[in-house]
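Report on one structure; see the data block that follows.
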Amino acid sequence: MPEMPEVETVRRGLVELVKGKTIEHVEVRYAPIIDDDSQMFQTLLSDAKIIDIRRRAKFLIFDFDNGYSMISHLRMEGKYQVRDNIDDFDKHVHIIFHFTDGSMLGYRDVRKFGRMKLVKTSEVLANKSLTKLGPEPLSPEFNFENIYPRIMRHKKSIKTVLLDQSVVSGLGNIYVDEVLWMSKIHPETSANKLTKKDVQNIIDASNEEIKTAIEAGGTTIRSYVDSRGNSGTFQLMLHAYDQEGQPCERCQTIIEKIKVGGRGTHFCPNCQKLVK
Ligand SMILES: [Zn+2]
C-alpha cells in the first residue's frame with residue numbers, strides 16, 4: 001500500500017506533469033472507482049483546468065478552476081500514469097483524463113480499491129473522510145500538546161494506536177515499525193503506559209522518518225512506482241521493517257517479526273524492551 005511519503009511523491013510528480021492542464025473529457029472504463037454518479041463526474045470535469053494538487057494524509061486533492069475538487073485515494077495499488085499514446089494504457093487503467101494538449105492522465109488500479117470523489121472546493125476539508133483524520137507528521141498540529149492526549153486515551157498497543165488514522169494520520173505499517181525502533185519502544189507497549197519522553201521521541205522520529213522518506217521519494221516495497229515511473233529508494237534505509245533475521249544496527253541483536261493487532265511487526269527485542 002502506498003504510504004504518505006509515496007503519496008506525496010506522486011503529488012509532486014503530478015504537479016510537475018499535469019498542473020495547469022485542461023481536461024477535454026474523462027473516459028470512464030470502470031465506473032465504481034468514482035464515488036457518486038460517474039456521468040455527473042464526467043460532465044463537471046469537461047473543460048476543467050487543474051489549478052493545484054494538494055494532499056491531506058494519503059488523500060490527493062485535485063483543485064479545478066470551476067470550483068470543484070477531486071478527492072482521490074489510491075488505497076492498495078492505485079497509480080497515476082501520464083502518457084501521450086492511448087495504447088500505452090493497459091487493461092488495468094480504469095479512468096483516463098484526456099487533456100486539450102493531447103496528453104492523458106490514466107488511473108491504474110489492478111485491485112480496483114481506489115476511489116475518486118468530486119466535491120465543491122469550499123467543502124473539501126469538511127468532507128467526512130478528511131475530518132476524521134488525526135494530525136500528520138511535519139504539520140504544525142503534530143506537536144506534543146495535540147499528540148500526547150490522543151495517545152494517552154488508548155490502552156491498546158502503541159503499534160495499533162499509531163496505525164489508527166484518527167489518532168495520527170499518515171503513518172502506515174512500515175513507518176510505525178521504523179518510528180518505534182528509533183524511539184526504542186516495544187510495539188506491544190500499552191499506549192497509556194508511555195512516558196512523556198516516549199511520546200516526544202515518537203513525534204521527533206515520525207517527523208524525521210517522514211521527511212527522510214519524502215526526500216528519498218518514498219519506499220519501494222511491492223509495486224509502488226510514482227507517476228513519472230521512478231522507484232523510491234527509501235527501502236535502503238530501513239532499520240526494522242522487513243529486517244527480520246538481520247542484526248539490529250544498534251546492538252546486533254537479531255530483529256524479530258511478530259503480529260500485533262493482526263499486522264506484521266518488526267522490532268529489536270533488546271533495544272525495544274516491553275515495559276509492563
Ligand atoms: Zn537493537
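Counting Lys and Arg as +1 and Asp and Glu as -1, what is the net charge of the other residues whose Cβ lies under 12 Å from the Cβ of residue 141? Local net charge: 0.
Measuring nothing but alpha carbons in the range 84-128 and taking Rh as the Kirkwood radius, the Rg to Rh ratio lands at 1.09. Fraction of C-alpha pairs exceeding 31 angstrom in the chain: 32 percent, rounded to a whole number. Per-residue extension of 0.36 nm, minus the Cα-Cα distance of residue 195 and residue 39, leaves a gain of 50.9 nm for this segment.
Each of 96, 202 was scored by other Cβ atoms within 10 Å of its Cβ. Listed from fewest to most, they are 96, 202. Would you tally the net charge around residue 50, using a Cβ to Cβ cut-off of less than 9 Å, leaving residue 50 out, and scoring K and R as +1, D and E as -1? Summing Lys/Arg as +1 and Asp/Glu as -1 gives 0. This ranking places 188, 123, 24, 3 by how few other beta-carbon atoms lie within 10 Å of each, fewest first, which gives 123, 24, 188, 3. When the Cα atoms of the range 1-146 are aligned to their principal axes, the ranges along those axes come out at 51, 30, 28 Å in descending order. Based on alpha carbons, the Rg and Dmax found for the range 95-151 are 17.4, 51 Å. Full extension of the chain between residue 146 and residue 92 yields a length gain of 15.3 nm, computed as 0.36 nm times the residue separation minus the alpha carbon distance. For each pair in 117/193; 159/211; 112/276, compute the distance between the two Cα atoms and list the pairs where it is over 31 Å. As for pairs spanning more than 31 Å Cα to Cα, those are 117/193; 112/276. The ranking of 73, 94 from fewest to most other beta carbons within 10 Å of each one's beta carbon is 73, 94.
Bear in mind that the values in this text are calculations on the coordinates, not laboratory data. This structure is a prediction, so every number in the text was calculated from the model and none was measured. Methodologically, a virtual Cβ is constructed for each residue, glycine included, from the backbone with ideal geometry; neighbour enumeration extends over all protein chains shown.
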